[in-house]
Amino acid sequence: MRSTAPARRAGSRRAKPCRGSWRWFVADVAVVTDSTACLPRALAATLDITVVSLYYDLGGGWLRESEFDGDFGTFFAELDASKSVAKTSPPRVEDFVAVFERLLQQHSAIVAVLISSGLSETCSMTRQAAARLESEGRGGERVMVIDSAGAAGQLGLQALAAARAAAAGENATGVTAVTRRARQEVRQWVVLDTLEYLRRGGRIGGGAAWLGSALDLKPILVLESQFRAVERVRTRKRAVERLVELMRQRRGVGADRWFVQHADAREDAERLAERLAEMFGTEPEFISELSPVLATHTGPGTLVAGGLSSAALEGAYG
């Protein structure tokens, strides 16, 4: 029977999977993502994913969210005191230039999969950095930028798919194709405890925020080029049950790789993960906390869950 495995570059070195982990020599293609993927640091390091940080400012100056200490109690207390949201900013062009210069010395190409351009100017900053390096003859033409059309775990799974394809010896074209397939297949849903933080940040109209507050509705959203409400239910318990049902539907159409994320809701996230582990029969790809740039718009109590198929995440490499 003819093999369906994608062709690999001659002489490339393939990753060696070992009980769910991946071990390999230096991949030919470097993978870059940004901090709104909210990947656990150990996981990103294991897969050799370079993470470039966005910035936030609570009033005391700009901070890299990659250096956030995880104290969301203080973070949200300061936001509530200001009745506003944190200022946020994409990485600077210079941040990407420094990362690309280093990686291009070790790899033939870079695939950068990043937060949706509808949510951030991060993709624009990345393209400017690549263009600068290309104009200076320093290899910027070897940087490929992919708009993930999302953020959080939706972006994180695409970065994992890219890294695993790169580790398996795919060239830049192959890594890009695998990443785009993951982008097409991944789905995620966001449960908010309140619409207030989206209202403060101007992500939805004031009327919608008032409706949610007045009726104690708990919205379920998708996060793509913008936050978009897909359902509203009366209580948080019902919202979580609906999230579980949406994930059950994904499992029913072949999605078997999944994740859970949260903002200042660790116990709820752990309980959700326990239920999904029983449903899927597998452990999550990751459980992680949202970054400050995302949490400033979602507020405390946020739960996120999503998934895709093994074929989309790992293809012939699993």
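Bear in mind that the values in this text are calculations on the coordinates, not laboratory data. This structure is a prediction, so every number in the text was calculated from the model and none was measured. Positions of Cβ are generated from backbone atoms using ideal geometry, with glycine treated the same way; all protein chains shown enter the neighbour counts.
General remarks:
- Overall, the range 187-313 carries a charge dipole of about 520 debye about its Cα centre when +1 sits on the Cβ of Lys and Arg and -1 on the Cβ of Asp and Glu, all other atoms neutral.
- Choice from Thr33, Thr74, Thr50 with maximal GNM fluctuation in the chain (Cα, 10 Å cutoff): Thr74
- Cut-off 17 Å (backbone N to label point 7 Å along Cα→Cβ of Arg64), residues of the range 122-138: 126
- Volume in Å³ per residue [convex hull over Cα atoms, computed for the range 89-171]: 83 Å³
- Beta bridges per DSSP, both residues in the range 29-184: antiparallel share near 30 percent.
- Separation in nanometres of the label points that stand 7 Å from Cα toward Cβ, at Asp71 and Gln106: 3.3 nm
- Only the Cβ atoms of Lys and Arg (+1) and of Asp and Glu (-1) were treated as charged; on that basis the dipole of the chain about its Cα centre amounts to roughly 1080 debye.
- Antiparallel content of DSSP bridges confined to the chain, in %, to 5: 60 percent
- Looking at the range 187-313, the DSSP beta bridges with both ends there are about 85 percent antiparallel.
- Calculated FRET value between Gln226 and Ser82, using beta carbons and R₀ = 25 Å, to 0.05: 0.60
- Listed residue (Ser35, Gly59, Asn171) projecting farthest to the positive dipole end of the chain, Cβ model: Asn171
- Cα Rg, Dmax, the range 29-184, angstrom units: 15.9, 51
- Length gained on full extension, Ser124 to Arg180: 18.3 nm, using 0.36 nm per residue less the C-alpha separation.
- Sorting 84-91, 158-165 by average packing, meaning the other beta carbons within 10 Å per residue, from highest down gives 158-165, 84-91.
- Residues Glu141 and Arg266, FRET efficiency given R0 of 51 Å [Cβ-Cβ distance, rounded to 0.05]: 0.70
- Ranked by the mean number of other Cβ atoms within 10 Å of their residues, highest first, the peptides 187-193, 123-129 fall in the order 187-193, 123-129.
- In this entry, the chain is assigned a mean projected area of 16.9 nm², taken as a quarter of its C-alpha convex hull surface.
- Compared with the alpha-carbon gap, the fully stretched path from Thr46 to Arg92 is longer by 14.0 nm at 0.36 nm per residue.
- Helix-only arithmetic for the chain: the sum of -39500 (n - 2.57) across DSSP H runs with n ≥ 4, divided by the residue total, places the mean residue ellipticity at 222 nm at -12500 deg cm²/dmol.
- Rg followed by Dmax, in Å, when the range 187-313 is reduced to its Cα trace: 14.2, 44
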